[in-house]
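The values are calculated or read from the model by the stated rules, or taken from the named source; none is laboratory data. Note that the structure is a prediction, hence the values are computed from the model and not measured. Neighbour counts are summed over all protein chains in view; Cβ atoms, including those assigned to glycine, are modelled from backbone coordinates with ideal geometry.
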Amino acid sequence: MRQLLYFGACLAAVGLPAALAPIVGLPETWNAFRRYSAAFLTFPQRHTLRVPQAGAAPEDFAALDAGLVAWHADASALYARCSSMAVVGLMPGGDETVAFTFGRAAGAEKRSLKSEFYAPRDLSIACYLLLSVLAYSSRSVPLALLVLCLNFANLSVCMRLKELTDALSVAADQLADAQQAFLLLPLETSPEGLLQQTHLLSKLTALSAFWSSATFCYSITVPGIGSLSVSVSVMASLAAATSARCLHRIVKGLPPELRALLTGQRGQHPGQHHAHAGGHSKAE
C-alpha cells in the first residue's frame, strides 16, 4: 500500500504541471509570445524613418522628428501589450540580472489590471521559486519529479523570452541604421539647421541606446510594493542547477534493481559485491 501511494504521488507530480497549465494561462501566453515576436520582427516595415539628405529643407528634419516620436510611442505601446502577459518584464540595463522596482502607484495600477486574470501566473512563478528552494533540502522523489517537470516549462518560457528579445533587437536595428546614416550628413551652415540637426542626433542616440540594450525578462508583481524582474540567464541557471539536483535525488530514490540498471551495475545485486569482499577477508 505504501509503494502504491508512492508511485501515485510520482504520477501526480508528473501530471500536475500539465493539468495546471491551462489554469495559469500558459497556452495563451505561449500564443502571445509568437504573436508579439512577429509584431517586433515586422515593426520596421510599418515604420519608415526617412533620413534627410545633404542640404535638406527644415521640413525633412521635422518629418524625421515626427517619425521618431511615432516609432517610440508605438514600440512602447507594443511593449505594454507584451507586459500584460504578467510573466514578461523589461530590463533597460543589459548588465543587470535582478531588479526590484518600488512603485506603489504603478504597482497598484498593474495589480488591478492583473488581479482577476493574470494573478495566477505571478503566483505560479512564486511557487516555482519556492519549490526549487525546497528541492535542494528535501529527499522527496515526487517533489524532485515535480520540480524537474516545472523546469522544462521554465526553460521553454526562457527560450520564448530570448526569441522576444531577439525580435526587439531587430526592431532596434532600424534606429541604429538611421543613426549611422544621420552621422554621415554634413553639418548645417545655418544656426537653426545646426540646432535642429543636433537635436535629432541626440534623440536618435538616446532612443537607439535605450532600445538596443533593452531585454525581456521574468516579472513578478509583489503586492503592496512593486515588481521583481529576473533575467532569463538567472532563471535558466536555476533550472539547470535544480535539474541536476532533482535527477540525482530521483536516481537515488529508485528501487535497487532499477537503480543498478541505470548506473551500469547489471547482473549484480547491490549487496553482492560487499558480501563477496567480506568472504575474501574471512578466508584470509
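May I ask you to list pairs of residues, at least six apart or on different chains, whose Cβ atoms are under 6 Å apart, with the first in the range 229-247 being farther than 13 Å from ILE125 by Cα and crowded, with 19+ Cβ neighbours inside 10 Å and the second being at pLDDT 90 or above and β-branched (Val, Ile, Thr)? Qualifying pairs under 6 Å: THR242/VAL147; CYS246/VAL147. All of PRO142, PRO120, PRO186 fail the test of being touching a helix residue (DSSP H, G or I) at 6+ places or on another chain (Cβ under 8 Å) and not polar (S, T, N, Q), apart from PRO142. Out of all the residues in the range 144-154, is one or more modelled with pLDDT under 90 and more than 22 Å from ALA236 (Cβ to Cβ)? No, the range 144-154 has no match at all. Applying the condition of being within 16 Å of ALA153 (Cβ to Cβ) and of a type in the set (Gly, Ala, Ser) to the range 2-45 and asking which residue is surrounded by the fewest Cβ atoms within 10 Å (Cβ to Cβ) yields ALA19.
Remark: LEU131 matches the filter, which requires a residue to be surrounded by 12 or more Cβ atoms within 10 Å (Cβ to Cβ), under 18 Å from VAL230 (Cα atoms) and either modelled with pLDDT of 70 or more or touching a Lys or Arg at 6+ places or on another chain (Cβ under 7 Å) (or both).
If you go through the range 195-208 and pick out every residue that is surrounded by 13 or more Cβ atoms within 10 Å (Cβ to Cβ) and either touching a residue at least 12 places away in the same chain (Cβ under 8 Å) or in contact with an Asp or Glu (Cβ under 6 Å, 6 or more places away or on another chain) (or both), you end up with 9.
Within the range 145-181, the set of residues being touching a helix residue (DSSP H, G or I) at 6+ places or on another chain (Cβ under 6 Å) and aromatic (Phe, Trp, Tyr) is empty. The residue pairs whose first member lies in the range 169-194 and is without any contact (Cβ under 8 Å) to a residue 60 or more places away in the chain and part of a helix (DSSP H, G or I), whose second member is surrounded by fewer than 16 Cβ atoms within 10 Å (Cβ to Cβ) and among the aliphatic types (A, V, I, L, M), and whose beta carbons are closer than 9 Å, counting only pairs six or more residues apart or on different chains, are GLN179/LEU201; LEU183/LEU201; LEU194/LEU187.
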